[in-house]
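The values are calculated or read from the model by the stated rules, or taken from the named source; none is laboratory data. Just so you know, these numbers come straight off a predicted model, no measurement behind them. No Cβ is skipped: glycine too gets one built from the backbone with ideal geometry, and neighbour counts run over all protein chains shown. Accessible surface areas use protein heavy atoms only, side chains included; no ligands, DNA or RNA. Shrake-Rupley method; radii C 1.70, N 1.55, O 1.52, S 1.80 Å.
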Amino acid sequence: QMPNHQVQTIQLERMKLSPCIACDSLEFLVSPTIQPALQLIQCKQCGISYTYPRPNLTELEKLYSETYYGPENVKFLHIVESLVGWITGRRARRIHEMVTPHSRILEIGCGRGLLLKQLAQLGHECHGSERSELAAQRARKTVGLRIYTTPLEKSGLEPHSFDLVILWHVLEHLEEP
């Protein structure tokens with residue numbers, strides 16, 4: 001049996017990889033995912049990761065259905081939703097401690113708006129960007145959240161107008177990070 005680094009070298013040679021989007025490195029690690037056709041590629045230099053092959057726009061759009069987000073904005077069983085809510089609340093409080101009061105916050109890939117809802121309840125002005133219209137509609141039900149479904153560069157948001165920008169599990173959902 002070949003050592004793992006030899007298997008990775010063979011896999012990398014067969015892939016058509018572009019330089020790292022963050023640091024331009026060409027050195028990567030390859031890890032399997034639960035889907036046999038997908039690999040997780042991680043830059044050895046900066047650590048940024050993405051799935052390979054990268055999904056195309058049609059594949060991405062199929063992922064954001066009611067099946068993905070759940071009926072009535074409930075994605076998991078009650079006990080799991082409760083745990084997600086608790087974890088999200090902890091994350092929101094930690095973020096709240098790191099920023100000034102009444103910060104202007106943008107979450108890219110805000111999904112159902114759970115984190116933004118918690119941050120808004122802590123007194124922040126919250127904006128979200130979401131590719132799924134279904135998730136955006138559900139997130140907009142939280143009073144005070146401003147959710148955009150247009151590409152970020154076309155949303156009309158002023159550069160440098162936020163105190164904090166959050167990306168949480170986003171890169172794996174982008175066609176061209």
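Conditions tested, residue by residue: (1) touching a Leu at 6+ places or on another chain (Cβ under 8 Å); (2) without any contact (Cβ under 8 Å) to a residue 60 or more places away in the chain; (3) on the phi < 0 side of the Ramachandran plot.
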site: 116; (1), (2), (3): yes, yes, yes
site: 121; (1), (2), (3): no, yes, yes
site: 125; (1), (2), (3): no, yes, yes
site: 131; (1), (2), (3): yes, no, yes
site: 139; (1), (2), (3): yes, yes, yes
site: 143; (1), (2), (3): no, yes, yes
Working only within the stretch 81-114, note down all residues that are open to solvent by 60 Å² or more (accessible area, probe 1.4 Å) and at positive phi.
102
If a residue counts only when it is at pLDDT below 95 and hydroxyl-bearing (Ser, Thr, Tyr), which strands (runs of 3 or more DSSP E) contained entirely in the stretch 10-128 have at least 1 such residues?
28-32, 49-52
Residues that are modelled with pLDDT under 90 and outside any loop (DSSP other than H, G, I, E, B), drawn from the stretch 140-164
152, 153, 154
Some residue of the stretch 154-173 being in contact (Cβ under 8 Å) with a residue 24 or more places away in the chain, in contact with a helix residue (DSSP H, G or I) (Cβ under 9 Å, 6 or more places away or on another chain) and aromatic (Phe, Trp, Tyr):
yes
Being open to solvent by less than 30 Å² (accessible area, probe 1.4 Å) and at negative phi: is that true of residue 161 here?
no
